[in-house]
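Below is one structure, written out as structure tokens, with a few remarks after it.
The values are calculated or read from the model by the stated rules, or taken from the named source; none is laboratory data. Since the structure is predicted, the reported quantities are computational estimates derived from the model, not experimental observations. Heads up, the Cβs are rebuilt from the backbone with ideal geometry, glycines too, and the neighbour counts pull from every protein chain shown.
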Amino acid sequence: MDGTFSPAPLMQVTGCRQAYHKDSAADLVVLDDVNLTLKVGEMVGLLGRSGSGKSTLLRIVAGLLKPTAGEVKWRGQQIDGPADGIAMVFQSFALFPWLTVRENVELGLEALGIAKDEREKRAEDAIDLIGLGGYESAYPKELSGGMRQRVGLARALVVHPDLLLMDEPFSALDVLTAETLRTDLIDLWSEQKLPIKSIMMVTHNIEEAVLMCDRILVFSSNPGRVAHELVVPFPHPRNRLDPAFRELVDNIYAVMTRRPQKPATSVQTPAAEAGVATPLVSVSTNLLAGLIEALAVPPYDGRADLPALAAGLQLEADELLPMGEALQQLRLADLADGDLALTDSGKKFALADTDGRKTIFAAALRNHVPLVAAIRRTLDERWNHRASSVRFLDELEDHMSPDYAEETLRTAIMWGRYAELYAYDEEAAQFSLEDIEDAKPAE
Amino acid sequence: MSRSLPSSLTSSRRLPNVWDVVASACVLAGIVALVHVTPETFQPIDAPEAVAVSLDPANLPEYALRTTLRMFAALFASLVFTFTVAPLAAKSRRAGLLIVPILDILQSVPILGFLTFTTAFFMGLFPGKVAGLELAAIFAVFTSQAWNMAFSMYQSLTTLPADLVEAARAFRLTPWQRFWRLEVPYSMPGLVWNMMLSMSGGWFFVVASEAITLGDKSWTLPGIGSYVSVALDQRSMPSVWWAILAMFIVILAYDQLLFRPLVAWSAKFRMELTAGAVAEDPWVLKLMRRTRVLSVIMDVIGDGLATIARLRLSLPMAKGERHAQPPSKLADLLFYVAAALVAGWAVWLIVNYVASNDVGLSDVGEVVVLGMFTMVRVIVLIALAALVWVPVGVWIGLRPEWARRVQVVAQFAAAFPANLFFPIFVILIVKFHGNSDIWLTPLMILGTQWYILFNVIAGASAFPGDLQEAAKNLQVRGWLWWRRVILPGIFPYFVTGAITASGGSWNASIVAEVASWGDDKLQAHGLGAYIAQATTDGNFARVVLGVAVMSVFVLGFNRVLWRPLYAYATRRLTL
């Protein structure tokens, strides 16, 4: 199983680009110029925030998606459609509820047209290897989450794939179960008991990536690119408390919070409009207030190291980072080099009462979130202080995908409501100044 | 709520706008039409203009309106029935014991067979008046829609979320307030969906019930259904097409003006708190929300209703709810005995009635054999429909951009009363001298096959994306894919559709196994034809026998085939 006498890479991705066509504006680019080589005997992790296109890349590699441009070569052949020797494990397990454990495991073999005896033998082997013995005739419904994912693993391994793809395989499991499954898999892998040559996994959990992978590709979002590539030099089994391990985790946090260079948009727009069309991350005001409060008090006293903060708040990196970015957008905190630090207005916010907080939040929104400011300005100007949300949505959709536009508008609604800058009527899809106390009549 | 005026009236910003003009015009036109049509109902039945149906297409708008009004009258009656019977069944244990099985049976009994009795009954209520016929037609539609609506509400009421019930009790809502604040809103999505199914089925019955033959007498009630039946007698093909066109417009209007807004509106009562992907508001709902005067009127009505719902009404006996007492054994016993006596008496009445009218065991045997014929037809039809529509439905359902459009068309097709298309088939059969035993058969499923199609589409579009990807990744293809992946996945949906389709087909057999075109009469061998013939002959005992046997067949079919299949499907094949 060592790759010394097969110098050709198992999988080679060159110049891969995935974009969805949009009629009104530029194409929405999910993945841009991704290059990736996968060698025999290595476990590679794709790490990134949600929306960074890492799952898309995994599906392209699996042959489930056809890239818009670029080349994907599997054992030297161009991939078109699902290929022999690539098996996938899903985040949601994707077990067929009407098939028993054995039938689920055998399905891939049936599709290959393998004879019954052989099929049963291989299924039994895979089931035993992965620790499912005794559950053969159970239906997925009867199993716990951990057991279900074991079935997912057995189903993938039974076809003896060269490459095992895993899409956030442990993120739907509780902490303890996930850890057991991880260590079992690493043990099997490092003892070379698995009938596979390579593993590629998608994860948003930084520690998981450092714990399992030999090589990590860190993706940046919007569009998804490989921002950084690093090698994990530690031998298995790895110790999470090892200072070198911690340092690597810290480094990855720093990489992931590095300020992105202003992405060059293909459509040039007037500065004011582009400001309105800044995407907003949907984070609830309660979470933001909670994070500010947590940051303001000891042990952080206004400045926190992100891995420590994530551990202390029991949040995953991809949950914490959007919150940090939202605070940064509002200038309530600064996010840089793996640290999150409160600004002056952030500190004031922490000390204020409910009304005071709303005032600070309202000021932050009006000064730093052009979309919210524009909505309020429009309402102030209108004689009836009403405005349909559709026009703002249309404007946003000129600059981003409909999903992002929708999320951005929803965030603007949520934040503006909390700050009492405007009211919103969901049924009529209308902003208004009803019940807004400081609403001044238009002059 | 201290304000004395609804907020909508105190607001100065609501001036009338263009939309108000459009909407008011529609409303006014509706009222005028209503006033125009209503008096005719109370004319004596002998008045020639009351029941004469002319084939002049100019009369069709009026006929269409009258048909539609019957439909809505029946819907109103069904709602009243639902709001009284369902809560009764849900709240009173004893009443529930009786009402639930009765509803269950009524759901599967061939309603068209009863048309004869109900017509006789209502004619007796209003001797010599058109109103009797009207009521009979309305009642026929009512019987086709009330049961499943009541059943749906009963099911919602018995599955209220425990936390909401506890909250209602903790805030000491009276039963009246609880009903309007919790129970009705919670039942709304299911009720609206069933109402839509009922209405779709109802068009079929309203058309069928407008031309009624009782023994040697036959009456027609002005409407689209009677228009078609007159067209059949007079062999007027253009008139048939006119009627189809009129019906098309009516169903389109019903779909656009009533049904779509209703479904969109009822979505807000769904139990999810998260804002999911919501379909765009239909234009009528938008219109209603945008018009200023209309929305003021709506708000006034809404506020008024809300005030009624807020009243602290409570029945004296409801106080006992606070500490529920164990039910009295003696009262239970009395109740069971009374129920058993009534049931026994009912059976005795039926047997006696049938037996006293020269209907012997040999007749029963004959009817059962005829029932077998019809059953074979239903089974073959469902199988054929499945063979055609399952692959089509799967293909469409897995393509979301197609699914949305086709779904609308399929629902529309299901609502369109298929009996309007019968003449076209009949003419073809007469022309080519087809065997009526074979060629009349497809008529039974003409209207009901769409339920299979749209349920399969719904199933295929709900098929989880990760399972699709897993199957692709494992390279499952061809027959293995159908057998192991998609067929089990859509099976629960298919069964739901097939149950509706088979029930509808049994019902349709009564009108589909006999057909005529002028003097050419076509008749197939089957239970439906038997009932239809007995009705024409005015032989009530045979009608009773036929309907009873058909009920047994349908119930047996449901219990032996569909129920176990459905239970299996939900137990084994759902996630």
Would you check if B:I105 is assigned to a helix (DSSP H, G or I), under 18 Å from the mean Cα position of the chain (by Cα) and modelled with pLDDT of 80 or more? no
Touching a helix residue (DSSP H, G or I) at 6+ places or on another chain (Cβ under 8 Å) and crowded, with 20+ Cβ neighbours inside 10 Å: does that describe A:T203? yes
Got at least one residue in the stretch B:110-129 being on the phi < 0 side of the Ramachandran plot, touching a Lys or Arg at 6+ places or on another chain (Cβ under 8 Å) and of a type outside the set (S, T, Y)? no
Tell me yes or no: at least one residue of the stretch A:115-136 is crowded, with 19+ Cβ neighbours inside 10 Å, within 29 Å of the chain's Cα centre (by Cα) and closer than 30 Å to A:V249 by Cβ. yes
Please state which one of A:D305, A:D301, A:D318 is within 20 Å of the chain's Cα centre (by Cα), at pLDDT below 90 and among the charged types (D, E, K, R). A:D318
Give me a count of the residues in the stretch B:467-487 that are surrounded by 17 or more Cβ atoms within 10 Å (Cβ to Cβ), over 35 Å from the mean Cα position of the chain (by Cα) and among the charged types (D, E, K, R). 2
Exactly one condition in (1) at the interface with another protein chain (Cβ under 9 Å from one of its Cβ atoms); (2) closer than 15 Å to A:Q12 by Cβ is not met by A:V72; state its number. (1)
Consider the stretch A:348-386. How many of its residues are touching a Phe, Trp or Tyr at 6+ places or on another chain (Cβ under 8 Å) and within 14 Å of another protein chain (Cβ to nearest Cβ)? 2
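Conditions tested, residue by residue: (1) modelled with pLDDT of 85 or more; (2) assigned to a helix (DSSP H, G or I); (3) surrounded by fewer than 20 Cβ atoms within 10 Å (Cβ to Cβ).
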{"site": "B:V347", "(1), (2), (3)": "no, yes, yes"}
{"site": "B:V351", "(1), (2), (3)": "no, yes, yes"}
{"site": "B:S362", "(1), (2), (3)": "no, yes, yes"}
{"site": "B:E366", "(1), (2), (3)": "yes, yes, yes"}
{"site": "B:M372", "(1), (2), (3)": "yes, yes, yes"}
{"site": "B:L387", "(1), (2), (3)": "yes, yes, yes"}
{"site": "B:A414", "(1), (2), (3)": "no, yes, no"}
{"site": "B:I427", "(1), (2), (3)": "no, yes, yes"}
Taking into account only those residues within the stretch B:224-257 that are assigned to a loop (DSSP other than H, G, I, E, B) and not hydroxyl-bearing (S, T, Y), which is surrounded by the most Cβ atoms within 10 Å (Cβ to Cβ)? B:R235
Under 6 Å between Cβ atoms, at least 6 apart or on separate chains: pull out the pairs that start in the stretch A:69-98 with a residue that is crowded, with 20+ Cβ neighbours inside 10 Å and end on any residue that is assigned to a strand (DSSP E or B) and β-branched (V, I, T). A:V72/A:V13; A:I79/A:V72
Quick one: would you say B:K431 is of a type outside the set (G, A, S), farther than 28 Å from A:G81 by Cβ and not in a loop (DSSP other than H, G, I, E, B)? yes
If I ask for residues that are farther than 11 Å from A:M201 by Cβ and either assigned to a loop (DSSP other than H, G, I, E, B) or not hydrophobic (A, V, I, L, M, F, W, C) (or both), which ones from the stretch A:151-169 would you list? A:G152, A:R155, A:V158, A:V159, A:H160, A:P161, A:D162
Of A:D398, A:D435, A:D425, A:D403, the only residue that is at positive phi, surrounded by fewer than 19 Cβ atoms within 10 Å (Cβ to Cβ) and not hydrophobic (A, V, I, L, M, F, W, C) is A:D435
Given (1) surrounded by fewer than 22 Cβ atoms within 10 Å (Cβ to Cβ); (2) in contact (Cβ under 8 Å) with a residue 40 or more places away in the chain, where does A:H368 come up short, assuming only one miss? (2)
Take the residues in the stretch B:449-466 that are under 30 Å from the mean Cα position of the chain (by Cα) and not hydrophobic (A, V, I, L, M, F, W, C); name whichever of them is farthest from the other protein chains (Cβ to nearest Cβ). B:Q449
How many residues are within 22 Å of A:G134 (Cβ to Cβ) and within 11 Å of chain B (Cβ to nearest Cβ) when one looks only at the stretch A:81-123? 15
Tell me which helices (runs of 4 or more DSSP H) are completely within the stretch B:468-575 and hold 3 or more residues being β-branched (V, I, T) and more than 14 Å from chain A (Cβ to nearest Cβ), or say none if there are none. B:487-512, B:527-537, B:540-557
Pull up the stretch A:137-146, narrow it to residues that are buried (at least 17 other Cβ atoms within 10 Å of the Cβ) and not in a helix (DSSP H, G or I), then point me to the one that is nearest to the other protein chains (Cβ to nearest Cβ). A:Y139
